[in-house]
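Just below is one structure, and these are the notes that go with it.
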Amino acid sequence: MTSDTIRGRRGRLDQEAVLQAAEALVDREGYDALTMTSLAAELEARVSSLYNHVANLEDLRALIQIRAMRMLGDHVRSAAMGHSGTEGLRALSNTLRAFARSHPHRYAALTRPPIDREGFYASALEAIEALAVMIRSAGLPEERMLQTAMALFASLHGFVSLEVAGYFGDLSGTKVDVDLDAVYTQVIDGAVTAAALESTH
């Protein structure tokens, strides 16, 4: 690549281009691999030029978390359409798993402690509201909404995080006869049943 091409690419840098490159790097190498130096190499730009678009590495990582959460929210909102109650909770649960499997490193990023808590929780509103609608439609009292939402997510995240980390490995061709889809369904059913039982107490 010529120096003229590199200068041209630098000239077209804006925050969106920087963030898209950062997401591509995270998808390929992982959230912890994201540094200003690695991102500059990804963009074939100078590190100093990145500071025109993000304040620092912490700001960059915060934006990655926020964008990942917003992306998950978009998926959850789409999955929620046409569903309600326990059926809707199962649909959202499957969407969470599908997102984590498709974007494991972004999922890992959004499940870290938020760097920009205000921005992160604002980006999570769509996902939170979709989940709240499903919990309400399952008959759960409003005062138990947050507790149930946290318990449901904790149950699902436990399985999903182990799966995307490779904990279960590749069971094909082994003597272990376990259908991970069936296991996840069991996790969902247990969490959803617990939520439904809460509505009767």
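A few notes on this one:
- Of all residues in the stretch 42-56, those that are outside any helix (DSSP H, G or I) and either under 20 Å from the mean Cα position of the chain (by Cα) or not basic (Lys, Arg) (or both) total 8.
- Ala91 being within 30 Å of Gly139 (Cβ to Cβ), of a type in the set (Gly, Ala, Ser) and surrounded by 14 or more Cβ atoms within 10 Å (Cβ to Cβ): yes
- Any hit, the stretch 119-140, residues being open to solvent by 40 Å² or more (accessible area, probe 1.4 Å), among the aromatic types (Phe, Trp, Tyr) and under 25 Å from Val183 (Cα atoms): no
- Checking each residue in the stretch 86-142 for being part of a helix (DSSP H, G or I), hydrophobic (A, V, I, L, M, F, W, C) and under 26 Å from Leu25 (Cα atoms) picks out Leu96, Ala98, Phe99, Ala100, Ala108, Ala109, Leu110, Phe120, Ala122, Ala127.
- Selected residue (criterion: farthest from Arg112 (Cα to Cα)) from residues of the stretch 45-64 that are surrounded by 13 or more Cβ atoms within 10 Å (Cβ to Cβ) and charged (D, E, K, R): Asp59
- Residues (farther than 12 Å from Arg106 by Cβ and β-branched (Val, Ile, Thr)) located in the stretch 44-78: Val47, Val54, Val76
- Residue within the stretch 160-176 that is assigned to a helix (DSSP H, G or I) and free of Cβ contacts under 8 Å to residues at least 40 places away in the same chain present: yes
- Checked against the criterion of being modelled with pLDDT under 90, open to solvent by 30 Å² or more (accessible area, probe 1.4 Å) and closer than 20 Å to Val187 by Cβ, the candidates His83, His75 yield just one match: His83.
- Residues that are in contact (Cβ under 8 Å) with a residue 12 or more places away in the chain and not in a helix (DSSP H, G or I) were ranked within the stretch 57-85; the one that is nearest to Ala132 (Cα to Cα) is Ser84.
The values are calculated or read from the model by the stated rules, or taken from the named source; none is laboratory data. This one's a predicted model, so the numbers in the text were calculated from it and none came from an experiment. With ideal geometry, Cβ positions are generated from the backbone for all residues, glycine too; neighbour counts draw on all protein chains shown. The area values use the complete protein model at the heavy-atom level, side chains included, leaving out ligands, DNA and RNA. Shrake-Rupley method; radii C 1.70, N 1.55, O 1.52, S 1.80 Å.
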